[in-house]
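Read through the structure below, which is laid out as structure tokens, and then see the notes.
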Amino acid sequence: MKIGKKLISMIIILNLTGTIALAGTILALAQKQIRGLINNEMTNLAKENALEIRTWLELYLDTARSIGQVMSNYEEIDREERRYFFNTMIRTMVEKNPDIFAASSVWEPNALDGLDAEFANTAGTDHTGRFIPYWFRGPAGVTMEPLADYDVPGVGDYHLIPKQTGNETVIEPYYEYDINGHKLLVTTLVMPIKNKGRFVGSMGIDIEITAIQQQVEEIKPYEKTIAVVYSNGGLVSGHFDPSRVGKPMAETEKDIAGPYLDDLR
């Protein structure tokens, strides 16, 4: 082969190699850019839907805040009337709001009226006489019974956490039974009640979180997208597969996350 033809062949080979390398670089950059755009889009969609869920929860948090604020001014009510007044207020709230499954209040010893000894073992109390009513939807309508284990860690977190932190608290979802005997996934929104900066009690509202599942089922921006909502503790609160709701994500999400399950948690 003549030198001219050899040079032409070498130039063509070099040009092809350079073109392929350049194309590969452009493709890699394009893929990186596309991945970035997709991640940004998915993050924005997640934030938008999370904001909708937050707004939904805020409606009930505002209700609990309002009741807690009224209770914090208990000294303006005759002490002999305080329990009756607060019981009426809590019961009416549950009756008028079908989305509220139950509502309750726990007061520190003698903090409400100094009459715990006189009220011991009466309606809405236990042997301590503390004001601990729990109003819920039972077979006969809205019914009251005294709370139990409100000072037991884990069980009584609805009172102990706001007591220890002084902050509003959203309790991890848990199962409760409705009037027909079906299990409902419920969360409790709790407000600390304070008087002159001192913690005196807590006010809680129990709501069923079916609305979260309904919202998750509607999140389908693209054909192969999936939506899931987890609680802070890793409990499935809403899922494209409803059978997983109420279960720990560590047990349910292996098929989604694979080797990245711990990272997802």
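The values are calculated or read from the model by the stated rules, or taken from the named source; none is laboratory data. Quick caveat: nothing in here was measured; it's all calculated off a predicted structure. Cβ atoms come from the backbone with ideal geometry, glycine included; neighbour counts cover every protein chain shown. Each accessible area value is taken on the protein alone, full model and side chains, heavy atoms only, with ligands, DNA and RNA left out. Shrake-Rupley method; radii C 1.70, N 1.55, O 1.52, S 1.80 Å.
Tell me whether region 186-208 contains one or more residues that are open to solvent by 30 Å² or more (accessible area, probe 1.4 Å), small (Gly, Ala, Ser) and assigned to a loop (DSSP other than H, G, I, E, B). Yes: region 186-208 contains one or more residues that are open to solvent by 30 Å² or more (accessible area, probe 1.4 Å), small (Gly, Ala, Ser) and assigned to a loop (DSSP other than H, G, I, E, B). Pairs meeting the criteria (first residue in region 241-259 and farther than 16 Å from Ser231 by Cα, second residue of a type outside the set (Val, Ile, Thr), beta carbons under 6 Å, at least 6 apart or on different chains) are Lys254/Leu261; Ala257/Leu264. Screening region 137-161 for residues that are closer than 17 Å to Val200 by Cα and assigned to a loop (DSSP other than H, G, I, E, B) and picking the one that is most open to solvent (accessible area, probe 1.4 Å) gives Asp151.
Checking Met71, Met42 one by one, the residue that is in contact with a Phe, Trp or Tyr (Cβ under 7 Å, 6 or more places away or on another chain) and in a helix (DSSP H, G or I) is Met71 and no other. Residues of region 167-184 that are at pLDDT below 90, part of a strand (DSSP E or B) and not acidic (Asp, Glu): Tyr174, Tyr175, Tyr177, Lys183, Leu184. Among the residues of region 50-108, write down those that are within 18 Å of Lys196 (Cβ to Cβ) and either of a type in the set (Val, Ile, Thr) or exposed (fewer than 13 other Cβ atoms within 10 Å of the Cβ) (or both). Listed by number, the residues that qualify are Val70, Asn73, Glu75, Glu76, Ile77, Arg79. Only one of Tyr84, Tyr60 is assigned to a helix (DSSP H, G or I) and either free of Cβ contacts under 8 Å to residues at least 24 places away in the same chain or charged (D, E, K, R) (or both). Can you tell me which? Only one candidate passes the filter, namely Tyr84.
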